[in-house]
Structures are given as C-alpha cells and as structure tokens.
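This report refers to the structure that appears directly beneath it.
The values are calculated or read from the model by the stated rules, or taken from the named source; none is laboratory data. As the structure is a computational prediction, the values presented were derived from the model and not from experiment. When we count neighbours, we look across all protein chains shown, and the Cβ atoms used for this are built from the backbone with ideal geometry, even at glycine.
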Amino acid sequence: MLRLLALTTAALCAAALAAGAGAATRQCQARSIGPGSLHRGGAKGAACLLAAFQQGCRSAEYLLSSFGVDTAATEDFRTERRNGRCEVLVLTSFRVIPQQPKVFPTRTCARLRKVSSDVVADRCTAGTPAAISLTSLR
C-alpha cells in the first residue's frame, strides 16, 4: 500500500512538473548596444522570439537595451496569446542617469517577421512608428 501511494505521488509530481514546464516563458538571449560601438548579444535573441511567435505563439521574452554615457533605453518584447491571436507586447523605458526611468505605455504588435537581416514587430498600436526593430533601437 505504501509503495502504491509513493508511486502515485511520484506520478502526480511528474505530471505537475511537466505541465508547468510547458507554460514556462522562454528567455531569449538579450542584446545590448553601446555605449559607443560596443555591441553584445547579436541577433540570436530576436530570432528566438520570432521562432516562438511562428511556432504556435510559445511564451518568450527578449530584451533590447541601448546605453549612452548617461542614458539607458530598454525595450522588452514578449509573445502572448490574446483572444486567440498571437501578439507581441512591447514595454519601453528610458532613463537619464541618475533619474528614475520613464516607462511608456505598453504597445501591442500584431505581427513579427524577418525583413532583410532584421526582425521587425509591426502593425503596432499606440505610437509612432507602427513598426519596431528588434535588433536596433530607434
């Protein structure tokens, strides 16, 4: 009886872990630009987010950051299924150091696609431009 209980408990734990693993957000490799000509991360993170978008809207997140002498800008891209459609949420912040960051309203983009050597989120709401590059900040 104890052995059956132990096996049942182990099976339930394994099932719970497997279910939770499918819901985990994939962290795509971040990209950092600056200061100056310093670049880190390449285009792998943008390609990772594009793959998540194209492969059934898997949950993924990608950060693109740009640094100047006393500034920092970040765009946080996330895939999310809403109302049966795959969308890309874009959270943008800008900071002049040592001030607190200014966080802009979240934008929602209906499409993510490869354009030449870039990955672009387009058909975006609220703001200009209507398309956002995932490999370089505006």
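Cβ-Cβ contacts under 7 Å between residues 6 or more apart (or on different chains), taken from a first residue in region 27-39 that is farther than 18 Å from residue 60 by Cα and of a type in the set (A, V, I, L, M) to a second residue that is modelled with pLDDT under 95 and assigned to a loop (DSSP other than H, G, I, E, B), are listed as 33/136; 33/137.
Is it true that residue 60 is in contact with a strand residue (DSSP E or B) (Cβ under 9 Å, 6 or more places away or on another chain) and within 20 Å of residue 24 (Cβ to Cβ)? Against the criterion (in contact with a strand residue (DSSP E or B) (Cβ under 9 Å, 6 or more places away or on another chain) and within 20 Å of residue 24 (Cβ to Cβ)), residue 60 qualifies.
Just wondering, is there one or more residues in region 94-107 that are aliphatic (A, V, I, L, M) and part of a loop (DSSP other than H, G, I, E, B)? For region 94-107, residues aliphatic (A, V, I, L, M) and part of a loop (DSSP other than H, G, I, E, B): present. When 43, 24, 60, 51 are checked against the criterion of being at pLDDT 95 or above and farther than 15 Å from residue 89 by Cβ, 51 stands alone in meeting it. Among residues that are surrounded by 12 or more Cβ atoms within 10 Å (Cβ to Cβ), touching an Asp or Glu at 6+ places or on another chain (Cβ under 7 Å) and under 23 Å from residue 43 (Cα atoms), residue 79 is not included.
Could you say whether any residue in region 79-92 is among the polar types (S, T, N, Q) and in contact with a Cys (Cβ under 9 Å, 6 or more places away or on another chain)? Yes: one or more hits. When region 82-128 is limited to residues that are surrounded by 16 or more Cβ atoms within 10 Å (Cβ to Cβ) and in contact (Cβ under 8 Å) with a residue 60 or more places away in the chain, the one that is farthest from residue 25 (Cα to Cα) turns out to be 119. Taken together, 92, 79, 71 contain a single residue that is touching a strand residue (DSSP E or B) at 6+ places or on another chain (Cβ under 7 Å), within 19 Å of residue 39 (Cβ to Cβ) and among the hydroxyl-bearing types (Ser, Thr, Tyr), which is 71. Residue-level analysis places residue 25 among those that are surrounded by 11 or more Cβ atoms within 10 Å (Cβ to Cβ), more than 20 Å from residue 131 (Cα to Cα) and within 10 Å of the chain's Cα centre (by Cα).
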